[in-house]
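Written below as structure tokens is the structure these notes are about.
What follows draws every value from the coordinates through simple rules; no lab data is involved. Source: prediction; values computed, not measured. Counting neighbours? That spans all protein chains shown, and the Cβs are built from the backbone with ideal geometry, glycine included.
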There are 2 protein chains.
Amino acid sequence: MRVKKQSVYNAILQSATAEFAEHGYVKSTIGRIAERAGTSSSNIYVYFQCKLDIALAVYESWFKAQIYNLVRTVRRQNMPEAKVKKLLEGLWNNIPKHKNGLTTTLVQALSTATPSDNYNPKLLQWTEKKIAELLSESVTGSTGNQEEFTSIANIIMLAFDGVGLRHNLSKPVDHSADSIQQMTYMICAMGLKTRN
Amino acid sequence: MRVKKQSVYNAILQSATAEFAEHGYVKSTIGRIAERAGTSSSNIYVYFQCKLDIALAVYESWFKAQIYNLVRTVRRQNMPEAKVKKLLEGLWNNIPKHKNGLTTTLVQALSTATPSDNYNPKLLQWTEKKIAELLSESVTGSTGNQEEFTSIANIIMLAFDGVGLRHNLSKPVDHSADSIQQMTYMICAMGLKTRN
DNA sequence: GCATTATAACGAATATCATTCGCTATTGAC
DNA sequence: GTCAATAGCGAATGATATTCGTTATAATGC
């Protein structure tokens, strides 16, 4: 028997990360990923089922790092409003518009996915839960994870996808600063009401 | 000289509408669109620059009809809260999840677009303006189109894109009812504050 | 050690389209 | 009528994800 080498797997992931960051999902080619990884196109299919799976694997590790980073930044703030604002700046600006970012890649990958790729929304659910907790903790001081924050986290992540989607188009007027401010205001207003 | 026939143009649009509604953007083929339209693949390029342009043309007329419909539905409501809720149900449920809907097509088309396709966000801007006015009118009773509603409209449309994106994946847990309720509440709360 | 065997690895197909090209046929303008 | 621009078309072209057939390798049992 022969066994898959971790080193080959890692090389593919690393190569794919560079390729996707540079070209996005659609214009990245398996051929170039293989070349940079020092293997062949066909051998990549020994390690991954399809191109989508590579993109998801690459995105997951990048995105989780971004989120952990964001959590730290938010916790460093003192006032609820500042916390919420940092959170939104991260999710509606910094992460989806990151210069070597992979959010555009993810959006492209997901939008071209077919049901037969049977995508698993694990990462999405993990993120929404994390964001809901962070919001709750930021606004009310406790991690009670109320219903409301679950919904708000959902809305924020839907809009995150939207930002990622629009970002690769020649940017239209970018209202993000205003939108972030407005959303911060609405979320904090809700927090006040909750306390009474 | 020979002149382009309106009838051929219309046939292409009509055929493309059916094709995109059935297969989405990526899996639709120019060949089938041509066939259903009774012309050849190559002749389609006499009428449209590229596949993206066909999708955008198809989407625009479908989407505008949906929006006009939504405006009517919202205006039919009496209470601000009911108006806002209908608005959100339209934009976060009915339109992006429409069974013969084209939103998935649009999302796919935009996410795979390259800068060289030089996409023009005219429709997007038109929609956000329309939504901002409708919100303002619904919540405050006047079309004053305050800054706040512009931002909220922007957020709603970003999330609209997100809903469209996620809809073609095997649907994860769908929080949309809760999210709509939560957003309705936040928008209306803001309206109250504005009045004082 | 050695034989066995599952499978990693790879180069060469395959299949699928969007888009382009070269040519022919049509039709509006003069 | 003649001319010339161009609609229309069938046959390339070019890209590229994925599959296939074969070979080489190494883990396992003896």
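Odds and ends about this structure:
- For segment A:1-48, the spread of Cα positions along each principal axis, largest first, Å: 37, 16, 15
- Considering only A:Cys50, A:Thr114, A:Gly164, the residue lying farthest towards the positive end of the dipole of segment A:39-196 is A:Gly164, judged by Cα position with unit charges set on Cβ.
- Of the two radii for segment A:56-195, the radius of gyration is 0.97 times the Kirkwood radius, both from the alpha carbons; that is the Rg over Rh value.
- For the protein assembly as shown, the Kirkwood hydrodynamic radius comes to 22.4 Å, computed from all pairs of different C-alpha atoms.
- With Cα atoms as the point set, the radius of gyration and Dmax of segment B:92-140 evaluate to 13.9, 42 Å.
- Entries of B:Lys5/B:Lys122; B:Lys4/B:Lys122; A:Lys51/B:Lys130; A:Lys51/A:Lys129; A:Lys5/B:Lys27; B:Lys51/B:Lys86 with Cα pairs more than 32 Å apart: A:Lys51/B:Lys130; A:Lys5/B:Lys27; B:Lys51/B:Lys86
- Estimated inter-spin distance, A:Tyr68 and A:Thr114, nm [label 7 Å along Cα→Cβ]: 3.7 nm
- Counting charges near A:Ser41 (Lys, Arg +1; Asp, Glu -1) among other residues having Cβ under 10 Å from its Cβ returns a value of 0.
- Dipole magnitude of segment A:1-48, debye to nearest 20 (Cβ charges: Lys/Arg +1, Asp/Glu -1, about Cα centre): 200 debye
- Around A:Glu137: net Lys/Arg minus Asp/Glu count, Cβ-Cβ under 11 Å: +2
- Tensor-based shape of segment B:29-106 (alpha-carbon gyration tensor, a/c under 1.5 rounded, otherwise prolate or oblate): prolate
- The spacing between segment A:97-175 and segment B:136-185, judged by their C-alpha centroids, is 15 Å.
- The slack between B:Ser40 and B:Asn100, meaning 0.36 nm per residue of separation minus the straight C-alpha distance, is 19.1 nm.
- Comparing B:Phe149, A:Met79, B:Gly31 along the charge dipole axis of the protein assembly as shown, the residue lying farthest to the positive side is B:Gly31, per the Cβ-charge model.
- A simple count of charges around A:Thr17, restricted to other residues whose Cβ falls under 13 Å of its Cβ and scoring Lys, Arg +1 and Asp, Glu -1, yields -1.
- Summing Cβ point charges (Lys, Arg +1; Asp, Glu -1) relative to the Cα centre of the protein assembly as shown gives a dipole of roughly 280 debye.
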